[in-house]
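One structure below.
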């Protein structure tokens, strides 16, 4: 058997651990051969491959990124894309494909599966917003990075009288903000699922100063105010006429300063949340995803993806992951309201 | 309502996060008063208490250890112990008790519950060997500490020609060894559930050198060889006639050196695995355990403990946790055999 | 003898280690009594003090921030400020004062010293820009935090095709940017001492893509372009008419995107650089500064500050530290030019 | 010009950063070619080389270990060794050699230099015991690893009533024990330079319990008791007749238990102190050592090594480093005596 492997979408700690798990078990237990497709779906689309064997995966377990490269290329959006992908798979005599990626990557996989390609998926999202699995790898790493950042801000909050705003990832779901905000002991946590009331946020901020402690505000990049409207990029051109990028974090700090008269400072963690070595949890989960994905291939259980359910790795239909975004349930958010303000 | 809280047994990162969750929600949502009992069951046994209110739990979330202190005192093993505990609880007008601890602590809680004390348990074990819950807090921290140690050994393994043995916690269950060994990319993982064959271990060690790479061996402190017998403490007196402590790690390194002729070095992580700040996962889990434990008190759901099931916090009978030790299933251990040797 | 202690200016990891060193040695070796003045010079100005003895400094060694609090209050800028400070020192029967702080704090100390107050200084600056000492505590911690952030960006740089910009502290001196940029393997390092040529930066960025690797740009917050002019805050009002804060990091990312057509992303580390637990180096240096400062008091060597010279702690006149800002020498910056671009 | 490079002796974080600095500057600024000799002096002795160019050093800055491999092979102890080395250097048309290593490696370099080989040295010792330089790379990393371990033990020390012993590296010099012990707030620090009085150690241990806090004891592997004698390996055979390895840490814990009646636990950090990614300080220092070593080659300044003096990199005669071991001065050790006991 010849198995193709690709990684698509954004960077995520644990991708290499998945690849290693697939290859080690595929070669050693089932005597499979592997072909690495480069840069996500661009690989099979443009026929770019790389060697993928046991020596190639040596030492990659603790490394962030992906040795296969990644891209957001979507063959469904390319004229004749699906046909070119299937032709290139045939050219390499690929018996089955393992696609590791998020909503978009798995969406393509599901479409190809319907078109007869034998494919198994591995769900990947730093934001933890894929349905059908308790967690995905990379999320725990991101949460730990954000939590450590919040930890460091606490000592400054104790010594100074400043509002400290931390902007974390999460365009559509607030999982990183909620987990790191709770783990870090933040006083305000703003997530996309709950448009926030700026007056209430400022009230919490002022309460906090009353007990002689500066507030820490964690805000997901996709959080929005309930009223008024967000400044869009176009509203804000600089002196050169270029677009000024300014995220919700800086906007919020500016608003809080303006309304409460307290100095506010912003930390924007950006891509450091998705880079670097994975935590032990993410390596464990990613390794098991890899081992179980290749077992699904051996079982001929195509059109499925591996998923975490409790402490078990199970299989779920590929379309489960892409049917809807898994957002933070209101009841979970409210569970923590004693910590706010 | 007046609620007593105590923490028993060994140190575990996340204990303070549980206490903070209990007190913050108890005071702010339900207007409860709290009494902290010092040093586990010794507190109610010897009537030692401390103040436990919102200011007392400020800033403790990221701190290891427990502000209440701990001990292994067991009132069931003390003449009239249960009576003294119930009398002291009555003296402080305690309406309900939250007991945070492992097998022993929850065993006492279960016994007191049968004797009519209104008690809710929170399961705690660094070793992850309590039944009835997917995970307990502290375990993820321990696994990360061990994984980081293994990571560091890899660069030495690449540069030198030495066998590197790491001894980790786990007297009866190999969870820490298995998780950190897999996450760290160890070549040999020895756990109490599977008595090991020393010849096979030495074979793996020698295989590893053949591909020009020194082996890393992770061994749980409770692992035992399948044949021959372990040296006991009494076999080994030093020149002063005192007992020489020597764990399985040093014994194993010595045996491997003797049999393979390769130099071996040992790292014994000891108590650093159970100290220091908890990971984000452990703070999240411990905080939720605290919030849900006080909800169980409010619901009058006594004789239960909180537990993790998937991503949900549920309640389970107190005796579930103490009925048997949760060990590593053979099928899980075998899942990883492609990585050994 | 009664000794006053205060900490002024911005937060800096190691402040508590200095305080602990002063108090432990002062009490145990010289039998001194201590008075803690709160919030920098505001303490002696407004007569706010706190208890400062051996129990008060227990456990503070690894903690960021300062137990004495801090402020930027400057008694030289307050009508009758110096007189009020000296009166309050007299009121508490202070025989000598230890002032821990940066340019401003030590400037006040120097002025008070000229006015006859017996004062010893301890230099503090996260930016490492105080003259007269090889290093100050807090700097090593900041550099490590920035370096870890850059490390994490490398894996993303390998997997994606994005320019990654990291904005670090340093208004007047580029020490943090230079040290962390070199330690992190950045491709472009921009510091206040060397106004940068945007075309050259974009050239470096494009070179980097040619070898199939995305560039990492480290920029000190005080770095400025050599030509053109920076957008000022006033140029940029948002849709609500409020000032939009946007630092050099986001401005630079926007310019690079505009000029090279490559996507750019920004990380703004902000206050996390000055919070949290100090590194071992900073704890060692801060502890020694504390021990030597109290020795200077005992020796009656007032009007001086402690300083690091090689591996020795020496004493320097207080005004040395405040005479000029220690900036990055051009020859040091050029030492690293093989790594740029 | 063709330059040979080799790394000898024990593992040390920063070796790769030195190699990268040498090659980047040598190739880009001076147009040198490089030959990597494998495994220390074994490389030129047995004519084993590897490719060493700019692509070969890409990405190695943050990685522990050494891409060139290392060994303790000493050509001075091999019949005809020096001649074979010089012949092999000639065979590869080596114009100059950069030798990175400790006492032994630099001792060989000094000898070869006297025999006419054009050699520049870079001092390396995890233990910081080489004379002629303020610090060497790797030491700061080791100290931070030990300090983090001690930090974690503090929370356990607060919750339990156990003596916690940490054994760290340092056969002949106590630098790691002293720096990490002070940075970690240990209560007892034992170093090879000061044979310890076991009664005094036990007195300190008991004092500590009186203030309700368990003691942390840091002991260098080469520390020895002043009276009585250490158990040697030969005194201690196990039930199989094999040598039992037991270091000073476990011996000390056993003695303290025996004499004070308090439980004691040991952590033996072992090789994790010399593995893994270097700190920012070590990367900075190692990078500068590399850049300056190749400058020394260009200047024809052979028979020297680079060294740190304050914040400057200087050159020192090769024999300075090997003339004597740099030990902890009694006055420095006494500087910290207020923290003991």
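Looking only at other chains, what is the average number of their beta-carbon atoms within 10 angstrom of each beta-carbon in A:157-168?
Whole-number average of other-chain Cβ neighbours for A:157-168 is 5.
For chain D, what's the relative contact order in percent, using C-alpha pairs closer than 8 Å and at least 6 residues apart?
24 percent
Pairing the Cα long axis of helix B:175-184 with the longest principal axis of chain B, what angle in degrees results, from 0 to 90 and rounded to the nearest 10?
Approximately 50 degrees, to the nearest ten.
So how tilted is helix B:15-30 from the main axis of chain B? Cα-based, degrees 0 to 90, rounded to 10.
20 degrees
Among D:76, A:153, which comes first, second and so on when ranked by fewest other beta-carbon atoms within 10 Å?
Lowest count first: D:76, A:153.
What are the semi-axes of the equivalent ellipsoid for the stretch A:139-270, taken as the square roots of 5 times the Cα gyration tensor eigenvalues, largest first, in whole Å? Write down the numbers at each step before the final one.
Working: eigenvalues 98, 68, 41 Å².
Largest first, the stretch A:139-270 gives 22, 18, 14 Å.
Using mean Cβ contacts within 10 Å as the protection proxy, how do B:80-88, B:162-170, D:164-172 order, highest first?
B:162-170, D:164-172, B:80-88
In whole percent, what relative contact order does the stretch A:139-270 give with Cα contacts below 8 Å and a gap of six or more residues?
Values: 240 pairs, mean separation 42.6, N = 132.
Contact order relative to length: 32 percent.
Calculate the mean, over all residues of peptide B:65-74, of how many other protein chain Cβ atoms lie within 10 angstrom of the residue's Cβ.
3
If I fit a long axis through the Cα atoms of helix B:280-298 and take the longest principal axis of the Cα atoms of chain B, what angle between them do I get, 0 to 90°, rounded to 10?
For B:280-298 against chain B, the angle is about 30 degrees.
Neighbour counts of other C-beta atoms within 10 Å: give me B:254, B:180, A:331 arranged from fewest to most.
By the 10 Å Cβ count, ascending: A:331, B:254, B:180.
Which residues in the stretch C:16-42 place their backbone N less than 17 Å from a point set 7 Å from the Cα of residue C:58 along the Cα-to-Cβ direction?
In the stretch C:16-42, the label zone of residue C:58 (backbone N under 17 Å from the point 7 Å along Cα→Cβ) covers C:20-21, C:23-25, C:27-28.
Testing the spin-label approximation: label points 7 Å from Cα along Cα→Cβ at residue B:311 and residue A:92. State their distance in nm.
3.3 nm
Counting partner chain Cβ atoms within 10 Å of every residue's Cβ in D:55-63, what's the average?
Whole-number average of other-chain Cβ neighbours for D:55-63 is 3.
Over what distance in Å are the Cα centres of the stretch C:81-122 and the stretch C:250-293 separated?
Between the Cα centre of the stretch C:81-122 and that of the stretch C:250-293, the gap is 31 Å.
Would you work out the relative contact order for the stretch A:1-122, in percent, from Cα pairs under 8 angstrom that are 6 or more residues apart?
34 percent
Given label points at 7 Å from Cα along Cα→Cβ, what nm distances, shortest first, separate residue A:54 from the same residue in every other copy?
Result, one decimal in nm: 3.7, 6.1, 6.2.
Considering only C-alpha atoms, what is the centroid distance from the stretch B:1-60 to the stretch C:161-223, in Å?
Taking the Cα centre of each part, the stretch B:1-60 and the stretch C:161-223 sit 50 Å apart.
Taking N as the number of residues in the protein assembly as shown, what is its alpha-carbon radius of gyration divided by 2.2 N^0.38 Å?
This ratio for the protein assembly as shown stands at 0.90.
Provide D:251, C:41 in ascending order of the number of other Cβ atoms located within 10 Å of each residue's Cβ, fewest first.
D:251, C:41
Could you list log10 I(q)/I(0) for chain C at q = 0.10 Å⁻¹, which the Debye formula gives when each Cα is one point scatterer?
Log10 I(q)/I(0), no solvent term: -0.64.
Where a number appears in this text, it was derived from the coordinates with a stated rule and is not lab data. The shown structure was predicted, so the numbers you read here are calculated from the model rather than taken from an experiment. Note that each Cβ is placed from the backbone with ideal geometry, even for glycine, and that neighbours are counted across all protein chains shown.
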